[in-house]
Structure formats: structure tokens, C-alpha cells
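Report on the structure given below.
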Amino acid sequence: MLARVNSYGVGGIDGYAVSVEIDISNGLPGTEIVGLPDAATKESKERVRSALKNSGYRLSPKRVTVNLAPADTRKEGSAFDLPIAIGMLLATEQLSADTSETVFVGELSLNGNLGRVNGILPVLLAAKADGMKRAVIPVANAKEASFVSGMDVYAFTDLRSVTEFLGGAPSVPVVPRDPADAVLGRVSGEDLKYVRGQYAARRALEVA
């Protein structure tokens, strides 16, 4: 079975689309992540498997291949945990949902809780520019997400809540716009805290 889920990564200060593809096939049981993942992203397979098990889902005794496309772009961090988990549930038919216009970003703990990720603002801005209609994020990122208009953003505390929402559970409130943000027009997402690496250049800008 093959499933595809939308996610986004952060390159410098900009978000970029990442297609998370999950293939379940016969073979020696195990999970392999390809598509230039860094160490934290490679470790997703262990976090995801534990999160699925501890959230009450069965683990597939088959070979699972996870492709993070485009394959020639370096993927960093743990933000792909949630889309990988959703993709596995779709591929194993434990979840049925239309995710074609939904973006998933979030780190999973071993018990299935969703943890905060860095760079949610540029991710959501890029997703909105690409025409995505809604986003699913950790509740810890809700405040930052409130600065983005033009798309529905839903914040959750754990994997089970996300799957129940996708499966048609009672509607979850959209993250509200921050009414105190009177200068939203000046928010660009260009903040040095979103820049990965480039230590010397960042230090020079901070000193200047």
C-alpha cells in the first residue's frame, strides 16, 4: 500500500514543501527513511513506531519505506514525525481521510504526545502560498500560528486526537487569529531564530 502526506521543512528562513510517501510491502520487517534525512529525522522511525503502539494502533509486520521528497533536499529535525505516522496509518488502512489539502507538522513523543517544533511560522506561510487549506500542528505552536491568516490551523496535544479529528470526530476549533497583533502586515517570518546553521553569518548580523 502507498500513502502520501503533505508536510513542510525549513530551509534558511523559508518553508518548502515535503511530500512524505509511505510504502508498505512484503519483506523483512523494518522501517527505512530515505530522502536525505539528518540524524534526528532518521530517528523518527523509532519515535513513530512507539507513538503508534502506545496510541492503540497496530504495527505492520512488513517492510516500511518512507520517502521524503524532494530527495535532493536535506531534511532536518523531528517535524516529520506526525506526517510519517499519519502516512503509516493511511497505508495500513487504519485511517481513512482526505489529506490532499492538509499540512502535518509535529514531533511525537514515545507515548504519542505532540511536541513543539521550530519554524512553524515560515512553514505555514509557505503552505498558504502553495494553496494548502488547513494545517495540523502541536498545541505548543498555536500562539505562533495565530499570526497566520488565510488557512485553517488546528492544534492538538497527541496523535490520537489528530486521527479522531481526521476520522470525523466532533469539530475542533480553529486556532484563532491573535487580536492583539495590530501589525500583522509587518510580520514576514524573517527572524534569525529560524535560520539553520550559518553561525558566522548570524553572529555578524547580531553584532552589527
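The values are calculated or read from the model by the stated rules, or taken from the named source; none is laboratory data. On a predicted model such as this, the values are computed, not experimentally measured, just so you know. Neighbour counts run over all protein chains shown; Cβ positions are idealised from the backbone, glycine included. The accessibility values were calculated without ligands, DNA or RNA, using every heavy atom of the protein model including side chains. Shrake-Rupley method; radii C 1.70, N 1.55, O 1.52, S 1.80 Å.
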Margin query: Rolling a 1.4 angstrom probe over the protein chains, ignoring ligands and nucleic acids, what is the accessible area of Ile84 in square angstrom, nearest 10?
Written below: 0 Å²
Item checked: Principal-axis tilt of helix 44-54 within the chain, Cα atoms, nearest 10 degrees -> 60 degrees
Check: If the cut-off is 29 Å between C-alpha atoms, which lysines fall inside it for Lys62, apart from same-chain ones fewer than 8 positions away?
Finding: Lys42, Lys45, Lys53, Lys75
Next item on the list: Please work out the FRET efficiency for the pair Lys143 and Ser96, using the Cβ-Cβ distance as r and a Förster radius of 25 Å; give the result to the nearest 0.05.
Entry: 0.20
Notebook entry, point to check: Rounded to two decimals, what is Rg over Rh for the stretch 31-141 when you use alpha-carbon atoms and the Kirkwood radius?
Noted result: 0.94
Next item on the list: For the chain, state the semi-axes of the equivalent ellipsoid (square roots of 5 times the eigenvalues of the alpha-carbon gyration tensor), sorted largest first and rounded to whole angstrom.
Entry: 29, 21, 14
Notebook entry, point to check: Modelled label-to-label distance, Arg74 and Glu164, 7 Å Cα→beta-carbon offset: nm?
Noted result: 4.0 nm
Checklist line | Label point distance in nm, Asp191-Ala129, each placed 7 Å from Cα along Cα→Cβ | finding: 1.8 nm
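Please work out the FRET efficiency for the pair Asn111 and Ala39, using the Cβ-Cβ distance as r and a Förster radius of 25 Å; give the result to the nearest 0.05. Write down the numbers at each step before the final one.
Values: r = 22 Å, r/R0 = 0.88.
In this case the efficiency is close to 0.70.
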Check: Once you list every other residue whose beta carbon is under 11 Å from the beta carbon of Leu36, what net charge do they have if Lys and Arg are +1 and Asp and Glu are -1?
Finding: 0
Notebook entry, point to check: Between Glu32 and Asp14, what length comes free when the chain is fully extended (0.36 nm per residue of separation minus the Cα-Cα distance, one decimal in nm)?
Noted result: 3.8 nm
Checklist line | Unit charges at the beta carbon, dipole of the chain: most positive-side option, Ser7, Leu124, Leu59 | finding: Leu59
Checklist line | Nonlocal amide H pairs with Gly115, under 5 Å, H built at 1.01 Å | finding: Glu107, Leu108, Ser109
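Quick one: net charge of Val174's neighbours, Cβ under 12 Å, K/R +1, D/E -1?
It works out to a net charge of +2.
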Check: In terms of modelled amide H atoms, which long-range or inter-chain residues lie less than 5 Å from the amide H of Val103?
Finding: Arg134, Ala135, Val136
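Could you state the accessible area per residue of the chain in Å², with a 1.4 Å probe and every protein chain left in place?
Numbers: 10200 Å² over 208 residues.
Value returned for the chain: 49 Å² of accessible area per residue.
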Next item on the list: Please grab the % of Cα pairs in the stretch 135-176 that end up more than 18 Å from each other.
Entry: 21 percent
